[in-house]
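A short worksheet on the structure shown next.
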Amino acid sequence: MRIVVVEDDDGVAEALVDTLSDAGWECARFSRGDDGLRHVRDADLVLLDLGLPDMDGLEFLRLLRRASEVPVLVLTARDGDGAVVLGLRAGADDYLVKPVRAPVLLARVHALARRARVSAPDSGPDGVLAWGGLRIDPAARTATRDGARVDLTATELEVLLVLAERPGEAVSRETLHLRVWGSPDSGRSRALDVFVAALRQKLGRDLPLTTVRGFGYRLEA
């Protein structure tokens, strides 16, 4: 299991990484929220401090939750029922107040790891995603429309795959950015819109790829 530790205090971070590594988990530590967001794509769990130098940890949680369901354990000095409620409402799966003893930390991490589930996309027995005249083969990295090969760039194909894995579901811009570029923080980038426009042009204007205003895109089922 790979754990991303987002903690700006070097001493605390070192102790956390040592404890988790000794328990057999792979750890990657980041002191800034934006760096942590860029590396959560392959994480199985995030250990998060709320007092970060570049953003509030609650904002980190809100950004992350629009793109990923990875379990998050908050470990912070913010105490009190109000702080705990805010953290859980923002998307944390568990909340611990510093200082915390190693056995308690490890028990909570184990519990989150047991509860975590990874859902596979709907596909045929050969792994091909298909509906209507559109077929996408993730293994071969190819797409066809009505039997004709469509030449897509690697990024265009990645965008299409993320949407095709969730037919009929609105997919947020943050989710697409996380899957395609590795970070859920889209910022001011309009690159995603350019790739979606290219997909519509290459796959046909009748492709049921709709814009969900203020949120993202949906490939109709």
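The values are calculated or read from the model by the stated rules, or taken from the named source; none is laboratory data. For clarity, every value in this text was computed on a predicted model and none was experimentally measured. In this analysis, Cβ positions are derived from the backbone assuming ideal geometry, glycine residues included, and neighbour counts consider all displayed protein chains.
A few comments on the model shown:
- Flag not set for Ala92, criterion: surrounded by fewer than 19 Cβ atoms within 10 Å (Cβ to Cβ) and either within 27 Å of Leu45 (Cα to Cα) or out of contact with any Phe, Trp or Tyr (no Cβ under 6 Å at 6 or more places or on another chain) (or both).
- Some residue of segment 14-25 being surrounded by 14 or more Cβ atoms within 10 Å (Cβ to Cβ) and under 21 Å from the mean Cα position of the chain (by Cα): yes
- Just so you know, in segment 183-207 the residues that are at pLDDT below 85 and closer than 23 Å to Leu129 by Cα include one that is surrounded by the most Cβ atoms within 10 Å (Cβ to Cβ), and it is Leu207.
- Cβ-Cβ distances below 6 Å connect the following pairs, each with a first residue in segment 28-55 that is within 22 Å of Val84 (Cβ to Cβ), a second residue that is of a type in the set (Gly, Ala, Ser) and crowded, with 17+ Cβ neighbours inside 10 Å, and a separation of six or more residues or different chains: Leu48/Gly57; Leu50/Gly57; Leu52/Gly33; Met55/Gly33.
- Of everything in segment 168-182 that is in a loop (DSSP other than H, G, I, E, B) and at pLDDT 85 or above, the residue that is surrounded by the fewest Cβ atoms within 10 Å (Cβ to Cβ) is Gly168.
- No other residue among Val6, Val12, Val118, Val40 is modelled with pLDDT of 95 or more and within 24 Å of Leu178 (Cβ to Cβ) apart from Val6.
- Taking segment 26-36 as the range and being hydrophobic (A, V, I, L, M, F, W, C) and either at pLDDT below 95 or surrounded by fewer than 18 Cβ atoms within 10 Å (Cβ to Cβ) (or both) as the test, only Ala28 passes.
- Filter result (among the charged types (D, E, K, R) and either assigned to a loop (DSSP other than H, G, I, E, B) or within 25 Å of the chain's Cα centre (by Cα) (or both)) within segment 201-216: Arg205, Asp206, Arg213
- Scanning segment 154-167 for residues being loosely packed, with under 15 Cβ neighbours inside 10 Å and either touching a residue at least 24 places away in the same chain (Cβ under 8 Å) or among the charged types (D, E, K, R) (or both) gives a total of 0.
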